[in-house]
Amino acid sequence: MLRTIRAFLWMRWRVSRNAFKTSRRDSLEQISRALGALAPVFMLLMLVPTVLALAAGGLFLGWKMGQAGTVMIWKSFAFLGLRGGLAVGTITVLIAPMVRSSRGTGSETTRLLLLPIRRGMLHASEVVAALSDPWLGVLFPALVLFPIGIAIGGSFFGGAVSLIGAILFVAILMLAVSLASFFIALIFRKRKRAERFTAVLIVVLSMSGLIFGFAGEHWENQLEDKRDAKRVGTEAAEEAAARDPNLTLSQHIDRQLPFIVGVLPSEAFLRVVEAGVDGHVAKLGLNLIVLAVWATLLYSSSRWAYSRLLETPETGGGDGAMGAGFRAGTLPGIRPAVAAVAFATMRLALRTVRGKTAVYLNFVITAMIYVILMRELSDVVLPTGLSFGLGIGFAGGFFTLISLQPIMANVFAIDSNGLTLQLLSPLSTSDILHGKVVGSALLVAISTALCFGIGFVLDANGSPLVWLSGLLILVAMFLVYAPMSILLSAVFPKVADLSRMGKDGNPQPIAGFIAFIAVPLLLILPGLTAAATLMIAESSLLTLAGALVWLGVALAVYVVMMRGLMGLFERRRENLLLVATGR
Amino acid sequence: MSLALQTRGLTRHFGDLTAVDSVDLEVPAGSFYGFLGPNGAGKSTTIKCLTGLLRPSEGEIRILDLDPLEDPVGVKKLIGVLPEDLALFDRLTAAETLGFVGQIHGLDRATLEQRSEELLTLMELAGRKDSLVTDYSHGMKKKLALAVALLPAPKLLFLDEPFEGIDAVASQQIRNLLKSYVSRGGTIFLTSHILQIVETLCNQIGVIQHGRLIAQGSMDEMRRGTGDGRTLEQIFLELVGAEAEAASALDWLT
């Protein structure tokens, strides 16, 4: 088994290292890759203080717990903190595989099946690999040091049984993470199913922050009532604890919780610790059995799910007819070749999860924000010419530019092998670049039109000149943002699957960051101009004039930048091709 | 003899590696040219240089009397390419892919639809023309990529391993199609490892090894150079010096 694990570790290390080695990529690409690789390293470094703090906390709490007989209050607080922390940690560890899998299956099961390794061993390797899960990695040192702290604190028996409990609990978490990962990977075996799952996940994650606000005061009151009740319950438990010093705070709270809570792994583990420290052998044995049953059940389920995963082939699942027949699409005033590239770019984006959500989700979120804001701001008097509807439409357009960053800041590499087709076709560099800009413009236009439409339906007040100014400012922003995105796409290309969340679907981190901050920066000057003309001069006409001036400036910047980008694209085309085709 | 394709000293470096080294190709117009070589010999890199995907480090290229470095768009209007990575958009349908290529080549709608329908029928893809390419098998993608290469009716066709992953029936149909294309004056530059097919199709052969063109000429000239009555496979193995290696090697292999 050690030999197999060593071989797997070596293989993963070499794969990571070799990603930087190839004589075919130019030096700019190697720098881009190195910068891209620094992002996860930076994240990992950020985790180190958390891991150290939790480990030290675990050791300290364990030490205090070991002295339970003399410092009862510490035991109580320690238990409360641990119970909450472990419950949250367990849930996080279980949710993480869902998000991670939607970033990419990372499955090499077919290759692994061809190796002379038994399925049981493969399964064990995958389960052990769950330790590399960052969330589990954060919890693991604290869970191991906690029993050691108990032993140092004076309760050797408590420390020993807590260590057994901790090992069982970690095993349960590893098996649960593996089981969740295998199930999600099974979902991802079918492309369409995977895309639906990812879309639902994105919508749920995007909306979750808005739900409380949307539900409004009613929910807040209800939550406040619940908090009061909980506070009263805790206070009652504290009073009861004060009246009966033989019972800990945890024990009082236990009496108020349903039975089922007691058999949850995190609870069973802490009851093992409590019973070990207190010397209650019967309670200790019972809770160890609960942990063992959990481990056995999860092992069997995880083994079954893994077998299913190995036997389930990947399928597309998309036999339904779609598309526009043999028409590539034309646009008035646009050369057919440019329009062909533009429509291909738009279709590609709209047939991916990231593209669909970026284009179609903005107006829903925008409308929800409007409803929430109107609760708080309905009495606010806006400057003459402005309306909340326009604000909503403009905000929607603004967020569209931000949310299209995965597409616009990586507009060549997302074509994958389609980029080769464009480079083999009789298209000039200008055709390709302008086609990409027009394609992005179509995406922005769809989403912005939806947002302005919903804004207009909700509140059509305000001066038409200011409405027009809002649109022109967005166009001006786009005219600078588009060539900037082309520049980022040419300098920092990255293989990306827009049907994945997270890093597999994101642009190169540096490109993503620059594109992200560029949108608000581009708004500053036109925004200030519009604010000054509306609030100081109080003239809608001046607002429109200001917007037109910025549009002219943006157009000049666009022309100059696009000329410069032609040469850059020519110099980068071989590298773009290598990256887009995954080499 | 007019040449559809000619190179002089074609060279391409990747860092310290010279993938293509001073290659002088001569492909007569109307010929079926088989470009052979072992794996990693430089075949695909040569095709990429010829089709404008890679810029040569040194050398000259003439394609149908045009210089692809000076007039890349003009050359691309005249050629069709089936590259090794197939060059297809995953998230377009077959019909949309053909529509994309047809519109870029300036085909009118009636011509585009007629040619597309015929090609898709020949490639047995008509029933799946509105499915996304990502849901196609490798063989279906290859057939579509071939249809894309043929759609603009090019004067010169570059085919990189066109028969790999294609079933026997489709392979036969494609061979007939390509023969008919050449008989009508088209020129094909083809790479393939299936030497039996190359032997039946090609009338001109070029062999590349370690980036260098080690032989070039008609099939008859090749046979004369290595001995009459020999198959293309025998000629090829002799040229690349691979005949006697396997017998004594790997004696531990039972």
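The values are calculated or read from the model by the stated rules, or taken from the named source; none is laboratory data. What you see is a predicted model, and the numbers here were worked out from it, not measured in a lab. All Cβ positions, glycine included, derive from the backbone under ideal geometry; neighbour counts span all protein chains shown. With ligands, DNA and RNA removed, areas are computed over all heavy atoms of the protein, side chains included. Shrake-Rupley method; radii C 1.70, N 1.55, O 1.52, S 1.80 Å.
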Mind telling me which of the residues A:486, A:517, A:524 ends up being under 30 Å from residue A:198 (Cα atoms), free of Cβ contacts under 8 Å to residues at least 24 places away in the same chain and not charged (D, E, K, R)?
A:517
Please go through the stretch A:392-445 and give me each residue that is in contact with an Asp or Glu (Cβ under 8 Å, 6 or more places away or on another chain) and more than 14 Å from chain B (Cβ to nearest Cβ), ordered by number.
A:392
Restricting attention to the stretch B:79-113, which residues are facing chain A (nearest Cβ under 10 Å), over 20 Å from residue A:580 (Cβ atoms) and surrounded by fewer than 18 Cβ atoms within 10 Å (Cβ to Cβ)?
B:106, B:109
Would you confirm whether or not the stretch B:140-152 contains a residue that is surrounded by fewer than 16 Cβ atoms within 10 Å (Cβ to Cβ) and not β-branched (Val, Ile, Thr)?
no
Complete set of residues in the stretch B:162-211 that are under 12 Å from the mean Cα position of the chain (by Cα) and under 24 Å from residue B:141 (Cβ atoms):
B:162, B:163, B:164, B:178, B:188, B:189, B:190, B:191, B:192, B:193, B:198
Some residue of the stretch A:386-407 being within 23 Å of the chain's Cα centre (by Cα), assigned to a loop (DSSP other than H, G, I, E, B) and modelled with pLDDT under 95
yes
So which residues in the stretch B:53-63 are open to solvent by 30 Å² or more (accessible area, probe 1.4 Å) and within 13 Å of another protein chain (Cβ to nearest Cβ), if there are any at all?
B:55, B:57
Note on the stretch B:114-129: residues open to solvent by 40 Å² or more (accessible area, probe 1.4 Å), within 11 Å of another protein chain (Cβ to nearest Cβ) and either within 13 Å of residue B:96 (Cβ to Cβ) or not acidic (Asp, Glu) (or both) are B:114, B:115, B:127, B:128, B:129
Looking only at the stretch A:321-342, and only at residues there that are more than 7 Å from every other protein chain (Cβ to nearest Cβ) and open to solvent by less than 30 Å² (accessible area, probe 1.4 Å), the one that is nearest to the chain's Cα centre (by Cα):
A:342
Can you confirm whether residue B:142 is of a type in the set (Lys, Arg), within 18 Å of the chain's Cα centre (by Cα) and within 14 Å of chain A (Cβ to nearest Cβ)?
yes
Please tell me if residue B:41 is closer than 24 Å to residue A:576 by Cα, more than 7 Å from chain A (Cβ to nearest Cβ) and surrounded by 21 or more Cβ atoms within 10 Å (Cβ to Cβ).
yes
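Residue-by-condition table, conditions (1) closer than 24 Å to residue A:483 by Cβ; (2) in contact (Cβ under 8 Å) with a residue 60 or more places away in the chain; (3) not basic (Lys, Arg):
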| position | (1), (2), (3) |
| --- | --- |
| A:377 | no, no, yes |
| A:381 | no, no, yes |
| A:389 | no, yes, yes |
| A:418 | yes, yes, yes |
| A:445 | yes, no, yes |
| A:467 | no, yes, yes |
State whether one or more residues within the stretch A:487-501 are open to solvent by 10 Å² or more (accessible area, probe 1.4 Å) and under 30 Å from residue A:383 (Cα atoms).
no
Could you check how many residues of the stretch A:343-380 are within 14 Å of chain B (Cβ to nearest Cβ) and under 21 Å from residue A:505 (Cβ atoms)?
13
Within the stretch B:65-76, is even one residue buried (at least 20 other Cβ atoms within 10 Å of the Cβ), at the interface with another protein chain (Cβ under 9 Å from one of its Cβ atoms) and within 17 Å of the chain's Cα centre (by Cα)?
yes
Kindly indicate whether residue B:22 is more than 11 Å from chain A (Cβ to nearest Cβ), under 18 Å from residue A:578 (Cα atoms) and of a type in the set (S, T, N, Q).
no
Taking the stretch B:161-215 and keeping only residues that are charged (D, E, K, R) and either assigned to a helix (DSSP H, G or I) or open to solvent by less than 20 Å² (accessible area, probe 1.4 Å) (or both), one is left with B:175, B:179, B:199
If I go through the stretch B:129-160 residue by residue, how many of them are at positive phi and part of a helix (DSSP H, G or I)?
0
Restricting to the stretch B:194-222, name every residue that is out of contact with any Leu (no Cβ under 8 Å at 6 or more places or on another chain) and under 21 Å from residue B:51 (Cα atoms).
B:204, B:210, B:211, B:212
Considering residues that are open to solvent by 60 Å² or more (accessible area, probe 1.4 Å) and farther than 14 Å from residue A:91 by Cα, the number found within the stretch A:135-145 is 1
